[in-house]
1. Would you pull out the residues with amide H under 5 Å of Ile117's amide H, same chain only if 5 or more places away, H placed 1.01 Å from N?
2. Report, in deg cm²/dmol and to the nearest 500, the calculated mean residue ellipticity at 222 nm for the chain, where each DSSP H run with n ≥ 4 adds -39500 (n - 2.57) and the sum is divided by the residue count.
3. How big is the charge dipole of the chain about its Cα centre, in debye rounded to the nearest 20, if each Lys and Arg gets +1 on its Cβ and each Asp and Glu gets -1 on its Cβ?
4. When the expected Rg is taken as 2.2 N^0.38 Å, what fraction or multiple of it is the alpha-carbon Rg of region 3-133?
5. Select from Ile17, Val86, Gly115 the residue farthest towards the positive end of the dipole of the chain; place +1 on Cβ of Lys and Arg, -1 on Cβ of Asp and Glu, and compute about the Cα centre.
6. Measure nothing fancy, just the Cα-based angle from helix 3-19's long axis to the longest principal axis of the chain, in degrees from 0 to 90, nearest 10.
Amino acid sequence: MGTEENRDRVLAYLESIRVGDRALAYAAFAEDATWTTPPSLPWPGFFQGRKAIFDEYFAVDKGLFTTGVESYDLENTNVVAAGESVVVEMRHRAVGLDGQRYETDHCLVFEVRDGLIHAVREYIDSHYLHQQLLV
């Protein structure tokens, strides 16, 4: 697949997450996909396999946000694609379980091969997350 197809695949995945279509989101990932997060977050920094990404990584959101994993308020602010890499800057807005407003920027680097997401590297202001949701 080419650069534009990879870009479209990532954007379709993000839209499925935004509207809560977990089946479609799950299908966007390769079976052996990986997701890497900053080591300063209070959960594992590496998730191996599509099942672990959805059962463990996304499960964290159930303990953070009022919407859990049912939907996300995501705004893509920049998308850059080159070959198998798609980089997305986005704003994530939510309400924490304690009623605290959460709004921060994320940067996700996706590696797409053969029409499936094989790897995601997430960059986030973990200090802000700690202050807003984990105090």
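1. Answer set, sorted by chain and number: Phe29, Ala30.
2. Only helices count here, giving -7000 deg cm²/dmol.
3. 200
4. Compared with the compact-globule rule of thumb, region 3-133 sits at 0.99.
5. Projecting each Cα onto the dipole axis, the largest value belongs to Ile17.
6. Relative to the chain, helix 3-19 is tipped by roughly 30 degrees.
Just so you know, all these numbers are worked out from the coordinates, no wet-lab data involved. Here the structure is a predicted model, which means the values were calculated and not measured. Positions of Cβ are generated from backbone atoms using ideal geometry, with glycine treated the same way; all protein chains shown enter the neighbour counts.
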